[in-house]
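Notes for the one structure printed next.
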Amino acid sequence: MIIDKIKDKDKYKMKRILGIDYGEKRVGLALSDLMHIIASPKDFLIRTENDFWSKILDFINKNNVGLIV
């Protein structure tokens, strides 16, 4: 698993991994389970929205994300 290759991996144990699929018009967001076994699609954002980055930061904070891939 990707988490096994990271130094200080214990600090990510109870955090989720956020997968970002950066497309031409939309950006897909997928979130792992707490055991880092599977990721599921959760949301998508429109790239051209003015508050694009604030929405990503809000998603990260609300979902206890510790790593982004």
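How large is ³J(HN,Hα) for each residue in region 57-68, as worked out from phi by the Karplus curve 6.51 cos²θ - 1.76 cosθ + 1.60 (θ = phi - 60°), to whole Hz, x for Gly and Pro?
3J(HN,Hα) across region 57-68, in whole Hz: 4, 5, 4, 4, 5, 6, 10, 6, 7, x, 8, 10.
Could you pull out every residue, at least 5 positions away or on a different chain, whose amide H is within less than 5 Å of the one on L31? Hs are placed 1.01 Å off N in the peptide plane, and Pro or chain starts have none.
The list, which skips near neighbours in sequence, is G19, S40, K42.
Taking every pair of alpha-carbon atoms in region 14-69, give the share separated by more than 19 Å as a whole percent.
Cα-Cα pairs in region 14-69 separated by more than 19 Å: 23 percent.
Between F44 and D21, with labels modelled 7 Å along Cα→Cβ, what's the label distance in nm to one decimal, could you check?
Label-label distance for F44 and D21, simple model: 0.8 nm.
None of the figures in this text is laboratory data; all of them are computed from the coordinates on show. Bear in mind that the values here come from a model prediction, so they are computed numbers and not experimental data. Virtual Cβ from ideal backbone geometry, glycine too; neighbours counted across all protein chains shown.
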